[in-house]
Structures are given as structure tokens and as C-alpha cells.
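**Q** This structure is in C-alpha cells; I'll ask about it shortly.
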Amino acid sequence: MKTPPQPVGLLIAALLSLTYCKTATRTPPPDHPRLTPNVTLRNVTFRSAALNRDMPYRVILPTNIPTGKKLPVLYILHGGGGNFRDWSNYSDVSRFAERGLILVMPEGESSYYTNAADRPQDRYEDYIATDPIADVEKQFPATPGRVNRAIMGISMGGFGAINLALKHPDLFIFAAGISSALDVPSRPFSIKRVQQYRQHAAIFGPWKSEHRRDNDPFVLARSADPSKAPYLYLTCGDQEGLLPANRQFAALLKDRRIPSEFHPGPGGHDWNQWNLRLDDAFQSLFAHLQSK
């Protein structure tokens, strides 16, 4: 005689068997870029070969660039639930373009900038690692090569920046993760966050799967060659649930002797805190771009 299923098991099975429903399309918030006087903003839509569809990105660069001069590029990744306009609308990042830097803000949707395990068409790692870089270097006065290229992100985008930098050390000389969601691939199932778990599982695959390990920054850092790894900058607010994971990751980087720095500070998971981190993050960025 078979043992009848337990009520908790039935509940979990029922929740996990629900078909994932996309949220209703919402009207995007107003677009009000916060620009300093000596920069230019451009929105670009281009064809992504990796995603096989048109994708947008936003560029902020100095207004007056001498003829023939090329500039280093920083790719800036938005967080979950955001879009490619967020950095220009909610932060003062444009002021750093005045110092001779091209800022590129690609659209990442809710992808974690990762090739999705259950959606073969959503190759967001391949997209970020190839398509915007090629298009930017074709359309703008961008200096090519690793030593002239960096990546930065907040929350989901912080995960993306660190993950991409470790997986593609040949692409970026510097990567900054601000309030990075570094623990997402290793988060276990929680009945309190079943919808979030399903969304993450569609991207990272089943619990403890190879795809999760291949996209886990902790796993990647343990196998990284310190001599080839980009410089990693980390910061996180003391009121964030992500702080313990960032502390653990910073300790791992130190133990592995991967060039890095970690700056915990006051604040929560919001633009008020993130905006305050920019001066320090860009100071480190410019030091590493200029030293190469």
C-alpha cells in the first residue's frame, strides 16, 4: 500500500507545477535623464545576433571629443525590474562621462545577464559579451581592447558585472558590483518566495545543477586565475540582506588573492545608497584604466 502524499509535499508540488505567468505589461515610468552640461545622450536600437531580436541601449559621452580621439568604455547594468534608462534617470552617473569616458547602458530585462537554462533563446551572457561591444565600437569613438573596457552594475546588474567579468576575463580590466545579488544561484527553495524561485530556476536551472555551478560567482572565483582576473570592486549597504553574501565573497577573493576591494557602508537597497557609492567606485575605476 502506497503512503499517501504529505500535505506540505502536495502544496509544494502544486506551487511548482503552476505555469509561469508573465506579469502584465506596465507603462514605463517617465524618462527624465539627469545630465550634466558637457555630455551628450543617445539612445540606440540595434540587432542582437545572440538574442535574434532588436535591443536598445543608452549612451552618455562627452559633448566635445577631439577628432580622432577614442575613449575607454564602461558598460553599466541595471537591476531587476529596471531597464536601460535607470542609471541615467536615478543616478548622477553622467558626470563621470565628462572625465573622458563613454557610458553604455544596455537593456538586460530580468535575465541576470545569463544564458537561461530553460529558455534557449535568452542568451543574455552571449549578448552582453559580444553584441553591444561590437556595436558601440562601430558607432562611437570607443577604444577597443580589454584595458580600455570595464563593467559595473547594481543588484541583479552587480551579479551580472561580476559574473561576466569572471567568465570573460579577456573582456574587462575592471568590474564593480554595487549591492550585488551574488548568492542567487545558490539560494535554496523557499516556500515564502516560490515565484522568485521559479523565475531563478528558469534562468539558472534546477537546484545544484551544472548550469547553476557554471554561473555561480563563488564557484567561478575558486577556479579563477588571479593573474588574469580583472580587478573587482564590491560595495554593499549595512541594511541590506545581501551584505553577508558580499562579505563572504570578498573574503573568498582575498583568500584566492584575486585583486579586489570591498567597501561596506551605511544604507539600504536603493538609489540613495547607490548614488553615494559612485565617487569611490569611479575613483577605483579610473585608477585601473589609467594604470594600464
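The values are calculated or read from the model by the stated rules, or taken from the named source; none is laboratory data. None of the values given here were measured: they were computed from a predicted structure. We place every Cβ from the backbone using ideal geometry, glycine too, and count neighbours over all the protein chains shown. When the accessible area is computed, the model is the full protein with side chains, heavy atoms only, and any ligands, DNA or RNA have been set aside. Shrake-Rupley method; radii C 1.70, N 1.55, O 1.52, S 1.80 Å.
**Q** log10 I(q)/I(0), Debye, Cα-only the stretch 226-292, no solvent, q = 0.22, 0.28 Å⁻¹?
**A** -0.98, -1.21
**Q** Based on Cα positions only, what radius of gyration and what Dmax would you give for the stretch 191-266, in angstroms?
**A** Just the Cα atoms of the stretch 191-266 yield Rg and Dmax of 14.5, 42 Å.
**Q** According to the square roots a ≥ b ≥ c of the eigenvalues of the Cα gyration tensor, what is the shape class of the stretch 50-208, taking rounded for a/c under 1.5, prolate for a/b larger than b/c otherwise, and oblate for the remainder? List each step's numbers first, then the result.
**A** Working: a/c = 2.19, a/b = 1.90, b/c = 1.15.
Here the stretch 50-208 falls in the prolate category.
**Q** Let me make sure I get this right: for the stretch 145-292, a, b and c are the square roots of the gyration tensor eigenvalues over alpha carbons, sorted descending. Under 1.5 in a/c it's rounded, otherwise prolate if a/b > b/c, else oblate. Which is it? Kindly include the intermediate steps, with their values, before the conclusion.
**A** Values: a/c = 1.95, a/b = 1.29, b/c = 1.51.
Oblate, because a/c is 1.5 or more while a/b does not exceed b/c.
**Q** Here is a follow-up. With a 1.4 Å probe and every protein chain left in place, tell me how much accessible area R212 has, in Å² to the nearest 10.
**A** 10
**Q** Please work out the Cα center distance from the stretch 112-131 to the stretch 81-97, rounded to the nearest Å.
**A** The two parts, judged by their Cα centres, are 23 Å apart.
**Q** Tell me the relative contact order for the chain as a rounded percent, counting alpha carbon contacts under 8 Å between residues six or more apart.
**A** The value is 15 percent.
**Q** Can you list residues whose amide H is under 5 Å from N115's amide H, if they're 5+ apart or on another chain and H is modeled 1.01 Å from N?
**A** Under 5 Å from the amide H of N115 lie the amide H atoms of Y124, E125, D126, each far enough along the sequence or on another chain.
**Q** Going from most exposed to least, what order do E98, E125, E210 have by accessible area with a 1.4 Å probe?
**A** So, going from the largest accessible area down, we get E210, E98, E125.
**Q** Okay, moving on. Rank these residues by their accessible area, most exposed first, probe 1.4 Å: D279, D135.
**A** From most accessible down to least: D279, D135.
**Q** Let me ask something additional. Considering Cα pairs under 8 angstrom that are at least six residues apart, work out the relative contact order of the stretch 32-75 and quote it in whole percent.
**A** It rounds to 35 percent for the stretch 32-75.
**Q** Once the mean 1/r over all distinct Cα pairs of the chain is inverted, what Kirkwood radius in angstroms do you read off?
**A** 19.8
**Q** Also, I was wondering about something else. Which values of log₁₀ I(q)/I(0), to two decimal places, follow from the Debye formula for the stretch 195-236 at q = 0.16, 0.21 Å⁻¹ with a uniform point scatterer at every Cα?
**A** Result of the Debye calculation: -0.57, -0.78.
**Q** Follow-up. Hey, can you find the accessible area per residue of the chain for me, probe 1.4 Å, expressed in square angstrom?
**A** Heavy-atom accessible area per residue stands at 49 Å².
**Q** Which of rounded, prolate, oblate describes the stretch 52-143, given a ≥ b ≥ c as roots of the alpha-carbon gyration tensor eigenvalues and a/c under 1.5 marking rounded, otherwise prolate only if a/b is larger than b/c?
**A** In terms of gyration-tensor shape, oblate.
**Q** Indicate, rounded to the nearest 5 percent, the antiparallel portion of the DSSP beta bridges found entirely in the chain.
**A** Around 40 percent antiparallel, to the nearest 5.
**Q** Let me ask you something else. How large is Rg/Rh for the stretch 119-194, to two decimals, with Cα atoms and a Kirkwood Rh?
**A** Result: Rg/Rh = 1.06.
**Q** Taking 7 Å along the Cα-to-C-beta vector as the label spot, tell me the L276-K69 distance in nanometres, rounded to one decimal.
**A** 3.4
**Q** Over the stretch 56-195, what is the relative contact order in whole percent, taking alpha-carbon pairs under 8 Å and six or more residues apart?
**A** Details: 250 pairs, mean separation 36.3, N = 140.
Over the stretch 56-195, the number comes to 26 percent.
**Q** Further question: Quick one: with all protein chains in place, what share of the accessible area of the stretch 113-266 is carbon or sulfur, to the nearest percent (1.4 Å probe)?
**A** About 51 percent, which is the carbon plus sulfur part of the accessible surface.
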